[in-house]
Amino acid sequence: NAAAQSLAQDQTPRDNAEDESAGREDAEQRQQEQRQLAEQNEIQQLEQRDQEVRAHEQAHAAVGGQYAGSPSYDYQTGPDGKRYAVGGEVSIDIGEESTPEETLRKMQQVKAAALAPAEPSPQDLRVASEATRKAFEARNEISELRREALQEAAAKTSGEAVDQNAAPDLDDIV
């Protein structure tokens with residue numbers, strides 16, 4: 001009978017509310033699930049940032065052509081152990097060329113490269129502004145050179161006209 005009573009007690013549901021581990025396993029499982037969700041969310045955000053950064057820097061490099069360097073990236077390691085690009089840059093040559101015409105063409109390309117990404121950064125806007133300023137200076141220099149060339153041509157043409165109307169040389173008369 002004692003064995004039957006013992007067996008009957010083992011099969012009856014018991015209230016474990018007073019046990020030390022009551023609810024602890026459930027709480028630990030919920031915390032682990034929350035950590036996993038947080039890690040998955042962080043990984044998704046890192047993947048998205050990685051794609052944005054790479055697209056941004058590739059846009060600079062593609063449009064910048066010969067004046068742009070290769071992209072370099074700053075990385076962050078995610079909870080999955082993978083490295084994700086979270087920042088980057090592309091060096092770009094904004095030096096003047098040997099002629100104002102070449103400088104103008106270059107600065108137009110530099111400006112286009114700086115503004116190529118969908119969302120240019122403040123640094124991108126500064127580079128575009130500098131390229132715009134140098135392009136403006138190159139245009140002014142081109143205009144000045146053209147004005148000087150026209151004045152020289154006009155002076156040469158009016159000088160020839162004066163020579164044609166000048167008194168004949170004595171050698172021509174004799």
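Compute the FRET efficiency between residue 121 and residue 70 as 1/(1 + (r/R0)^6), taking r as their Cβ-Cβ distance and R0 = 30 Å, and round to the nearest 0.05. Don't jump to the answer; show the numbers that get you there.
On the way: r = 18 Å, r/R0 = 0.60.
So the FRET efficiency works out to roughly 0.95.
Modelled label-to-label distance, residue 139 and residue 44, 7 Å Cα→beta-carbon offset: nm?
With each label placed 7 Å out from Cα toward Cβ, I get 4.8 nm.
Going by average Cβ neighbours within 10 Å, how do the peptides 64-72, 103-111 rank, with the highest at the top? If you can, show how the numbers build up before the last one.
Working: 64-72: 14.4, 103-111: 19.9.
Descending packing order for the listed peptides: 103-111, 64-72.
I want the local charge near residue 95. Using Cβ-Cβ distances under 10 Å, sum +1 for each Lys or Arg and -1 for each Asp or Glu among the other residues.
Spelling it out: positives minus negatives among the neighbours equals -1.
Where does each of 98, 91 land when they are ordered by accessible area, with a 1.4 Å probe and the largest first?
98, 91
Can you give me the C-alpha center-to-center distance between the range 67-108 and the range 34-60, rounded to a whole angstrom?
First find each Cα centre; the distance between them is then 20 Å.
Give, as a single signed number, the net charge of other residues whose beta carbon lies under 14 Å from the beta carbon of residue 41, with Lys and Arg counted +1 and Asp and Glu -1.
Residues near residue 41 contribute -3 overall.
The values are calculated or read from the model by the stated rules, or taken from the named source; none is laboratory data. The structure presented is a predicted model; accordingly, all values stated were derived computationally and were not measured. Virtual Cβ from ideal backbone geometry, glycine too; neighbours counted across all protein chains shown. Just the protein is used for accessible areas: all its heavy atoms, side chains included, with ligands, DNA and RNA removed. Shrake-Rupley method; radii C 1.70, N 1.55, O 1.52, S 1.80 Å.
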